[in-house]
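Engineer: Take this structure, written in structure tokens, and hold onto it; I'll ask about it next.
The values are calculated or read from the model by the stated rules, or taken from the named source; none is laboratory data. Since we're looking at a predicted model, the values are computed, not measured. Because the Cβ atoms are built from the backbone with ideal geometry, glycine has one as well, and the counts that use them run over all protein chains shown.
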Amino acid sequence: MSSFVRRLAAPQPGWTINADVIVVGSGIAGLTAALELRAKVDRVLVVTKGELSSGSTVWAQGGIAAALDPEDTPDEHLQDTLVAGAGLCSEQAVRALVTEGPDRVRELVTRGANFDTGPDGDITLTREGGHMRDRIAHAGGDATGAEISRALIAQLAAVENDPGIEVIEHAMVVDLLTSAPDGDGRPGPVCGVTLHIIGEGSRDGVGAALAKSVILATGGIGQVFLSSTNPASATGDGLAAALRAGAAIADLEFVQFHPTVLWQGSAARGQQPLISEAVRGEGAHLLNATGERFMVDRHPMAELAPRDVVSKGIVAMMEDEGSENVFLDCRHLGKGFLKDRFPTIWERLEERNIDMARDLIPVAPAQHYHSGGILTDLRGRSTQAGLYAIGEAACTGVHGANRLASNSLLEGLVFATRAAADAASAVADGVVSQREPVERSGPAALVPATARPQIQSAAHRGAGPVRVAAKLERAAERLASLRAKFRADALRTPTPQTAEWETSNILAVASVLTAVALEREETRGGHLREDFPEADDAHWRVRLAATLDSDGELALMRAPLELG
């Protein structure tokens, strides 16, 4: 297998800034961590690739899950999460999520988030797939993420003149900075990041931001695939940077393909419109080409089964019919209810000449959420000293093989609070100090942006919704040849810029994802192997983690479900 590079080609930093802790990302996890840190350390730097409001959180339609109803309990929420996770959840992590979750949601309200409420003023709770109780809180009907993002950004804006916190927008983290290597040649503790400022700003070019700790909240990997519900910025930057810096990444094979993404034809690329699971939660049905409900006979919860079950059911039906999509039918719910409950979805469909109250909605699975990420413990600490990860960029063990609907926003809240507390305590207690960065050994390389379609095509064909050894092997060979080509062409590296750095990260993540998907010879949760159709607890009830050795070769290892 072709080795991986330890750093991306980039100009030498032209300026330097310092902070106690750097937070990379501006979704619910990153913003929560920044607000928590500012109350505990002297100087926080927040970096985001777009504007503060451009994180994945703003796109979250469904809601946030928590046992807020007096008749609900954290234990019931835990059980539903464990069932959806198909035997690979960390029970300790899930227990932290469901126990602390209700208080974190209430704190969101005190920070200004306005959830939908009933006549009694209590938060209105609904149900989504895999939940046995109504425990999903919504805002603006189907604009929960946008409202949470708005509230947190408003809180951050209230302290923007505070000299102890700085926000740099339109800034991409090119690489993590690490200190002197250990005796085995592995990178030393993380001590900052290199930044590229995109567009105009108070700084330009590439600079170095030094810190005692770095918290990555960089979101998902959607652009690894041909189509996704993720924003264009979701290029796996955090995962790839962490891998190059020596951290372990885990559970990459568990990719959640959302069952109901608007089907816009086989040529559609990039971010695709999501038809929220909440639509099915309110009673919409899935129909095949002959107008029959096909999920009723496949699972006791029918359309509200866990997402992997529904996605598999749709893929199977499309294969049976030789079709490219199925249909979502919500006509019986009525125009008034649909416009009021799902205003964002209504508007997006109307723009495409689809009337939810009169028309069947063509849908098919597309990449939506990544259960894997940078391997962390219960305090958000990665396997590399000085580096934390939270939100979708992290693998906390909460989701196991398949995320339960609306647990992602809650995970961001709970583990951002935990990571911020740990990072702040390490600074206050003098456990961490500022280290000097040292350039990592080995050649630097860069992948031209023109290679992105090749990478995405290989990833989609090999590691898409349905996988088989032959296709995974072809994808692995193709991706390895691309890595070898661009590593060999290092002397003819394209001009370093955002699109090239992103494409390099996409190639790294696609390569690891394909390798672990080939290694795991079973079907479980978001990992469907057609040639190994059953779950195999005897051999595969473990995490598959990946790291780079001192030569840049990919090393796979089996990690326990509980990391503490």
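Engineer: If you check ASN325 against the conditions, is it over 23 Å from ALA232 (Cβ atoms), touching an Asp or Glu at 6+ places or on another chain (Cβ under 9 Å) and polar (S, T, N, Q)?
Structural biologist: Working: over 23 Å from ALA232 (Cβ atoms): yes; touching an Asp or Glu at 6+ places or on another chain (Cβ under 9 Å): no; polar (S, T, N, Q): yes.
No; evaluated as a whole, the condition is false for this residue.
Engineer: Looking at region 535-564, which of its residues are small (Gly, Ala, Ser) and touching a strand residue (DSSP E or B) at 6+ places or on another chain (Cβ under 6 Å)?
Structural biologist: ALA535, ALA545, ALA546, ALA555, ALA559
Engineer: Name the single residue that is nearest to the chain's Cα centre (by Cα) among those in region 317-336 being surrounded by 14 or more Cβ atoms within 10 Å (Cβ to Cβ) and farther than 17 Å from ARG298 by Cα.
Structural biologist: Per the stated criteria, the residue is ASN325.
Engineer: Taking the condition buried (at least 24 other Cβ atoms within 10 Å of the Cβ) and aliphatic (A, V, I, L, M), does ALA517 pass?
Structural biologist: Criteria met by ALA517.
Engineer: Now for a separate question. Can you report the number of residues in region 547-564 which are within 27 Å of LYS312 (Cα to Cα) and either in the same structural domain as LEU404 (by TED's automatic domain parsing) or among the hydrophobic types (A, V, I, L, M, F, W, C) (or both)?
Structural biologist: Within region 547-564, residues that are within 27 Å of LYS312 (Cα to Cα) and either in the same structural domain as LEU404 (by TED's automatic domain parsing) or among the hydrophobic types (A, V, I, L, M, F, W, C) (or both) number 1.
Engineer: Continuing with this model, one more query. Being among the acidic types (Asp, Glu), over 17 Å from THR32 (Cβ atoms) and modelled with pLDDT of 95 or more is the filter here; which residues of region 91-136 pass it? Please lay out each step first, then the result.
Structural biologist: Step one: filter region 91-136 for residues among the acidic types (Asp, Glu), giving 91, 100, 103, 107, 116, 120, 122, 128, 134.
Those left that are additionally over 17 Å from THR32 (Cβ atoms): 91, 116, 120, 122, 128, 134.
Residue satisfying the conditions is GLU91 alone.
Engineer: Return the pairs, sorted by first residue and then second, in which the second residue is aromatic (Phe, Trp, Tyr) and part of a loop (DSSP other than H, G, I, E, B), the first residue lies in region 305-332 and is under 11 Å from THR260 (Cβ atoms), the beta carbons are less than 8 Å apart, and the residues are 6+ apart or on different chains.
Structural biologist: ASN325/TRP263; VAL326/PHE294
Engineer: Within region 106-136, count every residue that is under 27 Å from THR260 (Cα atoms) and within 24 Å of the chain's Cα centre (by Cα).
Structural biologist: 9
Yes/no matrix, rows are residues, columns are (1) in contact with a strand residue (DSSP E or B) (Cβ under 7 Å, 6 or more places away or on another chain); (2) of a type in the set (Val, Ile, Thr); (3) closer than 11 Å to ALA217 by Cβ; (4) surrounded by fewer than 24 Cβ atoms within 10 Å (Cβ to Cβ):
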| residue | (1), (2), (3), (4) |
| --- | --- |
| GLY373 | yes, no, yes, no |
| GLY386 | yes, no, no, no |
| GLY391 | no, no, yes, no |
| CYS395 | yes, no, no, no |
| ALA401 | yes, no, no, no |
| SER406 | yes, no, no, no |
| GLY412 | no, no, yes, no |
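Engineer: Does ARG186 satisfy being modelled with pLDDT under 95 and closer than 16 Å to ALA241 by Cα? Even if it seems obvious, please write down each step before you answer.
Structural biologist: Values: modelled with pLDDT under 95: yes; closer than 16 Å to ALA241 by Cα: yes.
Against the criterion (modelled with pLDDT under 95 and closer than 16 Å to ALA241 by Cα), ARG186 qualifies.
Engineer: Let me ask another. Is it true that some residue in region 252-262 is in a loop (DSSP other than H, G, I, E, B) and either touching a helix residue (DSSP H, G or I) at 6+ places or on another chain (Cβ under 8 Å) or under 24 Å from LEU176 (Cα atoms) (or both)?
Structural biologist: Checked against the condition, which is being in a loop (DSSP other than H, G, I, E, B) and either touching a helix residue (DSSP H, G or I) at 6+ places or on another chain (Cβ under 8 Å) or under 24 Å from LEU176 (Cα atoms) (or both), region 252-262 yields at least one hit.
Engineer: Out of everything in region 265-297 that is charged (D, E, K, R) and surrounded by fewer than 19 Cβ atoms within 10 Å (Cβ to Cβ), what residue ends up being farthest from the chain's Cα centre (by Cα)?
Structural biologist: GLU292
Engineer: Turning to a different aspect of this structure: Restricting attention to region 142-199, report how many residues are closer than 25 Å to GLY14 by Cβ, surrounded by 18 or more Cβ atoms within 10 Å (Cβ to Cβ) and small (Gly, Ala, Ser).
Structural biologist: Adding up the residues that qualify gives 4.
Engineer: Sort out which residues of region 266-301 are without any contact (Cβ under 8 Å) to a residue 12 or more places away in the chain and closer than 29 Å to HIS138 by Cβ, and write them in order of number.
Structural biologist: ARG293, VAL296, PRO300
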